[in-house]
Amino acid sequence: MNLKEGEKAPDFSLKDKDSNLIKLSLIKAEYIVIYFYPKDNTSGCTTEGKEFTQDLEKFKKLNAEVIGISGGDEESKKKFCEKHNLKVRLLSDPDFKISDKYSAYGEKIFLGRKFMGIKRTTFILDKNKKIIKIYEDVKANGHSQEVLEFIKIFRHSF
């Protein structure tokens, strides 16, 4: 199932690096940025995490919550955050069920080899958890800024 802009985002409950259960339906922000990233401690994912961390205050000023989701367990998220001083909230999707629900999990090809994994994808939701923007095949470098600009423009269009 491919999600589309205008649809309600699937709810989820996933654990963060401190084993806190985070439930999408309980997040009370004007905007929610959910970015799916392939793997902790890889170069692109580190770049993306650092940029979102660097821009976190700007997102907060827009009343936007930023959440990163990937496979691996809470311990992997904790080590990733500590190693790179990441402040963005990262959630563990060890069985890829949520990534799959969001169509962010599937067949990938790297160096001619096919495998299953998370595709770098970002969803921006409004306060009603409706999808207002989907970014597919995201390039990590500069993506946080791209998302910030979208939210700023979207806010002023109403």
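For this structure, a couple of remarks:
- Residue that is most open to solvent (accessible area, probe 1.4 Å) [pool: residues in segment 38-54 that are in contact with a helix residue (DSSP H, G or I) (Cβ under 8 Å, 6 or more places away or on another chain) and part of a loop (DSSP other than H, G, I, E, B)]: 39
- Scoring residue 129 on the criteria (1) farther than 17 Å from residue 2 by Cα; (2) modelled with pLDDT of 95 or more leaves a single failure, condition (1).
- Selection status of residue 13, exposed (fewer than 13 other Cβ atoms within 10 Å of the Cβ) and either touching an Asp or Glu at 6+ places or on another chain (Cβ under 6 Å) or among the β-branched types (Val, Ile, Thr) (or both): no
One line per residue, one yes/no per condition, for (1) without any contact (Cβ under 8 Å) to a residue 60 or more places away in the chain; (2) touching a Gly at 6+ places or on another chain (Cβ under 8 Å):
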site: 2; (1), (2): no, no
site: 8; (1), (2): no, no
site: 16; (1), (2): no, no
site: 22; (1), (2): no, no
site: 28; (1), (2): no, no
site: 37; (1), (2): no, yes
site: 50; (1), (2): yes, no
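- Here residue 95 fulfils each of the conditions (1) loosely packed, with under 13 Cβ neighbours inside 10 Å; (2) assigned to a strand (DSSP E or B) apart from (2).
- Where a residue in segment 120-133 is at positive phi and its partner, wherever it lies, is surrounded by 17 or more Cβ atoms within 10 Å (Cβ to Cβ) and aliphatic (A, V, I, L, M), with Cβ under 9 Å and at least six apart: 129/9; 129/24; 129/32
- Condition broken by residue 149, with the remaining ones in (1) under 15 Å from the mean Cα position of the chain (by Cα); (2) loosely packed, with under 14 Cβ neighbours inside 10 Å satisfied: (1)
- Condition broken by residue 65, with the remaining ones in (1) in contact (Cβ under 8 Å) with a residue 24 or more places away in the chain; (2) over 16 Å from residue 37 (Cβ atoms); (3) among the acidic types (Asp, Glu); (4) not in a strand (DSSP E or B) satisfied: (4)
- Residue list for segment 16-29, restricted to those being open to solvent by less than 70 Å² (accessible area, probe 1.4 Å) and acidic (Asp, Glu): 16
The values are calculated or read from the model by the stated rules, or taken from the named source; none is laboratory data. Treat the numbers as computed from the prediction; the structure is a model and nothing was measured. We place every Cβ from the backbone using ideal geometry, glycine too, and count neighbours over all the protein chains shown. Protein only, heavy atoms only, side chains kept; ligands, DNA and RNA dropped before computing areas. Shrake-Rupley method; radii C 1.70, N 1.55, O 1.52, S 1.80 Å.
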